[in-house]
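The values are calculated or read from the model by the stated rules, or taken from the named source; none is laboratory data. Everything numeric here is computed off the predicted structure, so don't read it as measured data. Cβ coordinates were reconstructed from backbone atoms using ideal geometry, including for glycine residues, and neighbour counts include every protein chain displayed. Side chains are part of the model used for accessible areas, which takes the heavy atoms of the whole protein and leaves out ligands, DNA and RNA. Shrake-Rupley method; radii C 1.70, N 1.55, O 1.52, S 1.80 Å.
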Amino acid sequence: MRKVTAVVVVPALILSFSAAWATDVTTTDEMHRGSVVPGSMAQIPQSHMFDGIDLSEQQRQQMRDLMQQARHERSPISINDLEQLHAMIIADKFDEAGYKARVDKIAQAEVARQVEMARVRNQMYHLLTPAQQAVLNQKHQQRINEMRRLTEVQHVTPLQAVSSTGSNQ
């Protein structure tokens, strides 16, 4: 079962992380002007740290510059690694140790990319005015509260859900 999970999860994580890494700084006003690429992650509500923050043109340009610099500095996802994972999956005999080593290598590279992106987001955050930072922190807290609420709903068993709806009648 672990092998199947790794086969499904690792490629999905790689694609989702690379898509998130590739997104540009997008604000609500840019989305309304239609400058967001259709199908990009930025169109998903609350998918970006700075959604809903009104940025000045100077702030927007500084953020674009930071993202552009980060794009040039990051290492690309290794297609070779993905090909080797696939070769291991379709091999006559499964090499669990080899597969684990390859997945660990990919995971380490992804951690490095995520740390770099966090560094860039930190720099972007400090470009904001105190009022913009307060709005961003408020929106973050709202998202966290919503995630907590959704997590609590997911942990309700079907029996609890039935008994709680029956008590409301």
- prompt: If you take the square roots of the eigenvalues of the alpha-carbon gyration tensor of segment 70-120 and sort them as a ≥ b ≥ c, do you get rounded (a/c under 1.5), prolate (a/b over b/c) or oblate?
  reply: prolate
message: Keeping all protein chains in the complex and leaving out DNA, RNA and ligands, what accessible area do you get for residue 140 with a 1.4 Å probe, in Å² to the nearest 10?
response: 90
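With r defined as the distance between the Cβ atoms of residue 69 and residue 96 and R0 fixed at 35 Å, what FRET efficiency is calculated, to the nearest 0.05? Walk me through the numbers on the way to the answer.
Numbers: r = 40 Å, r/R0 = 1.13.
My answer for the efficiency is 0.30.
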